[in-house]
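All of the numbers you see were taken from the coordinates with simple rules; none came from a lab. What you are looking at is a predicted structure, and each value in this text was computed from that prediction instead of being measured. Note that each Cβ is placed from the backbone with ideal geometry, even for glycine, and that neighbours are counted across all protein chains shown.
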Amino acid sequence: MRSRRPSPPLLGPAGLQTWREMTLAYQLSPGELSILRQACATTDLIAWMHEQLSGEPLTVPGSMGQSRPNPLLAAISDQRRALATLWRELALPMPDEDEGRRRTPQAQEAAQSRWRAQRRSQGGALESV
């Protein structure tokens with residue numbers, strides 16, 4: 001088992017959980033830890049936005065009285081894209097790899113499909129990571 005690194009200050013519950021899970025599962029370099037810190041902070045921001053949106057209408061009046069999407073919806077979408085970019089930059093290894101590499105979302109999905117097919121052909125047995 002890998003040892004857990006101390007968490008960065010000011011992380012909220014969602015970011016802290018992500019930090020703990022990732023630092024237990026992976027041995028990360030200083031550069032990777034920097035990206036992980038950003039990903040954890042973005043995770044917290046998305047969680048906070050969801051809390052703000054909770055109970056609020058999904059549409060709000062626009063400047064001319066028209067109905068328009070709540071601006072938090074676009075902000076959440078933007079932060080999710082930023083988080084996806086950070087995860088790609090982190091380049092974590094796939095289950096069958098010793099070392100991660102950067103890949104497009106399409107290449108990542110293809111690798112996941114190969115891994116799932118391999119796992120099914122082995123009777124669903126999971127190898128330890």
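Roughly speaking, what % of Cα-Cα pairs in region 1-80 are separated by over 20 Å, rounded to a whole number? Working shown, then result.
Numbers: 1442 of 3160 pairs.
Looking at region 1-80, the distances longer than 20 Å represent 46 percent of pairs.
Give the distance, in whole Å, between the Cα centre of region 67-83 and the Cα centre of region 15-49.
First find each Cα centre; the distance between them is then 21 Å.
Which of the peptides 43-50, 65-72, 76-83 is most tightly packed, and how do the rest follow, judged by the mean count of other Cβ atoms within 10 Å per residue? Please report the intermediate quantities before stating the final value.
Values: 43-50: 17.2, 65-72: 11.1, 76-83: 14.5.
Descending packing order for the listed peptides: 43-50, 76-83, 65-72.
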